[in-house]
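**Q** Structure below; questions to follow.
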Amino acid sequence: MVAPPDNDVLWARGLHHAYGGTSALTGVSVGVPEGEILAVTGPRGSGKTTLLKCLSGQLVPAEGEVWFNSSPVHTLSSPSRERLRLDRFGWIDTEPHLVAELTAWENAALPLLLRGTGTRSAKHTALEWLDRLDVGMCANRRPAQLDQSQRQRVAIARALATTPQVLFADEPTAPLHRADGIQVLRTLTTAARSHQITVVLATHDPDVATLADRTLALLDGHQSSGAPATTGASDEESRAECSLSV
């Protein structure tokens, strides 16, 4: 094994993975420096979700290496990978998987509580993120009392509440209307930049990819390119956005 470059918080080489004999990833390699927002782009079925799951330790690739902070994720035991995801990673899925019996703030606070954070502190942090994502008024409602958009915002608040070192977001705005989705993504990326959170964002929407620093394009499980992402905002607007208090 060859250790990754020191400036890459995430690094993967030669990833291969298949489902029932159908290849999902074929030789994909990527390095993600600390604090970077990387958009993984491509049509549905191109391998984006599989790549995020391999990088986050949810899947062990059939071949290849995955490193986090110079530690080999692909050789860790299942409990160690689960602990890594709890302590260092955040995950936003395409669909909001909330605990039905818990209120919105309890769902958002859950990872903090599992880490051992006190209830009062965890609730305070959860409420702050719910407010930033415009669902603070839903804090005491359970998922069944929320619409799909509100549930997804709660799920995003849950992922951000722990200030993870790396945040994985798999089509995070899919359940949202377009205007709402862009607003939520701006909140997410602004928070990431201000807290030095590394983000790996899967999307098939080119407009979403413009909010990233760089893109990695996949097609049928193969790496297509890694060109810098174009951005719709001027440098001055980007700097102003990054300086917002979130």
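The values are calculated or read from the model by the stated rules, or taken from the named source; none is laboratory data. None of these values were measured; they are calculated from a predicted model. Backbone-built Cβ (ideal geometry, glycine too); neighbour counts: all protein chains shown.
**Q** All but one of (1) under 18 Å from THR203 (Cβ atoms); (2) among the hydrophobic types (A, V, I, L, M, F, W, C); (3) touching a residue at least 40 places away in the same chain (Cβ under 8 Å) hold for ILE182; which doesn't?
**A** With (1) under 18 Å from THR203 (Cβ atoms); (2) among the hydrophobic types (A, V, I, L, M, F, W, C); (3) touching a residue at least 40 places away in the same chain (Cβ under 8 Å) applied to ILE182, the lone miss is (3).
**Q** Now, a different point. Of all the residues that make up the range 100-119, how many are under 16 Å from MET137 (Cβ atoms), among the charged types (D, E, K, R) and in contact (Cβ under 8 Å) with a residue 40 or more places away in the chain?
**A** Kept after step one, since they are under 16 Å from MET137 (Cβ atoms), are these residues of the range 100-119: 103-108.
Now drop any that are not among the charged types (D, E, K, R), which leaves 106.
Filter again for in contact (Cβ under 8 Å) with a residue 40 or more places away in the chain, leaving none.
Residues in the range 100-119 being under 16 Å from MET137 (Cβ atoms), among the charged types (D, E, K, R) and in contact (Cβ under 8 Å) with a residue 40 or more places away in the chain: 0 in total.
**Q** Of the residues LEU98, LEU84, which is among the hydrophobic types (A, V, I, L, M, F, W, C), under 20 Å from the mean Cα position of the chain (by Cα) and assigned to a loop (DSSP other than H, G, I, E, B)?
**A** Among LEU98, LEU84, only LEU98 is among the hydrophobic types (A, V, I, L, M, F, W, C), under 20 Å from the mean Cα position of the chain (by Cα) and assigned to a loop (DSSP other than H, G, I, E, B).
**Q** Out of the residues in the range 7-43 that are free of Cβ contacts under 8 Å to residues at least 60 places away in the same chain and farther than 18 Å from GLY57 by Cα, state the one that is surrounded by the most Cβ atoms within 10 Å (Cβ to Cβ).
**A** Per the stated criteria, the residue is ASN7.
**Q** Looking at the range 47-73 only, could you name the residues that are buried (at least 21 other Cβ atoms within 10 Å of the Cβ) and not hydrophobic (A, V, I, L, M, F, W, C)?
**A** Listed by number, the residues that qualify are GLY47, LYS48, THR50, SER56, GLY57, PRO61.
**Q** A further question follows. What strands (runs of 3 or more DSSP E), lying completely within the range 1-71, carry at least 1 residues that are of a type in the set (Gly, Ala, Ser) and under 20 Å from ASP213 (Cα atoms)?
**A** 8-19, 22-33, 37-41
**Q** Which members of the range 120-163 meet the condition of being over 11 Å from TRP105 (Cβ atoms), hydroxyl-bearing (Ser, Thr, Tyr) and in contact (Cβ under 8 Å) with a residue 24 or more places away in the chain?
**A** SER149, THR162, THR163
**Q** Now for a different question. Being at pLDDT below 95, among the hydrophobic types (A, V, I, L, M, F, W, C) and in contact with a helix residue (DSSP H, G or I) (Cβ under 7 Å, 6 or more places away or on another chain) is true for just one of ILE156, ILE182. Which residue is that?
**A** From the options ILE156, ILE182, the qualifying one is ILE156.
**Q** Continuing with this model, one more query. So which residues in the range 113-172 are in contact with a Gly (Cβ under 7 Å, 6 or more places away or on another chain) and part of a helix (DSSP H, G or I), if there are any at all?
**A** Scanning the range 113-172 gives LEU127, LEU130, ALA159, LEU160.
**Q** Is it the case, given these coordinates, that LEU211 is surrounded by 21 or more Cβ atoms within 10 Å (Cβ to Cβ), modelled with pLDDT under 90 and of a type in the set (A, V, I, L, M, F, W, C)?
**A** On the way: surrounded by 21 or more Cβ atoms within 10 Å (Cβ to Cβ): yes; modelled with pLDDT under 90: yes; of a type in the set (A, V, I, L, M, F, W, C): yes.
Yes: the conditions hold for LEU211.
**Q** Here is a follow-up. So LEU84 clears everything in (1) within 30 Å of GLY116 (Cβ to Cβ); (2) in contact with a His (Cβ under 8 Å, 6 or more places away or on another chain) except one condition, right? Which one?
**A** The one condition LEU84 does not meet is (2).
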